[in-house]
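Enquirer: First the structure, then my questions, so here it is.
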Amino acid sequence: MKALNQRDPFRLGLVALLVGGLLAGAVVVISVIPFGEKSYTAILAQTAGLRVGESVDVAGVPSGKVQSIKLDGDQVKVGFSLDKKVKLGSESSAEVRVATLLGTHYLQVVPEGAGTLKSDTIPLERTSVPFNLQDVLEKSVQ
């Protein structure tokens, strides 16, 4: 039988790896879970250069981030998060805006209307982009 002051380095290494893995997993979970945020979706005609990770602003104040961009038929679904303190009403709107000449963008959200936003989604009718690529192409052909 081993004395208490002699430790098995193999077991000690396994315990250290297990603890390190648990800590790394906890850090990942904490960084991914949006504490104090609520998720929404905006339906756009096109992305107009908007990218995942860019800012979502309300009244000129950064209040969230673009979380996902997915093609849905001939439309684009933009998933974004906002601070839970921001309440989007039934007539809320969203617009992609150009932030810099270097090509960064942001999503400007305007909370409007009474009640709550149906299905937490801003429909295509209440979203806009800085330019419509299809319109530009059609005008250049004429």
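The values are calculated or read from the model by the stated rules, or taken from the named source; none is laboratory data. Bear in mind that the values here come from a model prediction, so they are computed numbers and not experimental data. Cβ coordinates were reconstructed from backbone atoms using ideal geometry, including for glycine residues, and neighbour counts include every protein chain displayed. The accessibility values were calculated without ligands, DNA or RNA, using every heavy atom of the protein model including side chains. Shrake-Rupley method; radii C 1.70, N 1.55, O 1.52, S 1.80 Å.
Enquirer: Return only the number of the condition from (1) within 26 Å of Thr116 (Cα to Cα); (2) open to solvent by 50 Å² or more (accessible area, probe 1.4 Å) that Gly89 does not satisfy.
Expert: (2)
Enquirer: Moving on. Quick one: is Phe10 open to solvent by 60 Å² or more (accessible area, probe 1.4 Å) and in a loop (DSSP other than H, G, I, E, B)?
Expert: So Phe10 does not fit the description; no.
Enquirer: Does Glu91 qualify as being of a type outside the set (A, V, I, L, M, F, W, C), farther than 20 Å from Gly36 by Cβ and assigned to a strand (DSSP E or B)?
Expert: The answer is no for Glu91.
Enquirer: State which residue is modelled with the lowest pLDDT when the search covers only the range 100-126 and only residues that are at positive phi and either in contact with a Cys (Cβ under 9 Å, 6 or more places away or on another chain) or open to solvent by less than 60 Å² (accessible area, probe 1.4 Å) (or both).
Expert: By that ranking, first place goes to Gly103.
Enquirer: Moving to a separate point now. State yes or no: is Val29 modelled with pLDDT of 90 or more and either farther than 17 Å from Thr127 by Cα or outside any loop (DSSP other than H, G, I, E, B) (or both)?
Expert: In short, no.
Enquirer: Anything in the range 25-70 that is more than 11 Å from the chain's Cα centre (by Cα), crowded, with 16+ Cβ neighbours inside 10 Å and free of Cβ contacts under 8 Å to residues at least 24 places away in the same chain? List them, or say none.
Expert: none
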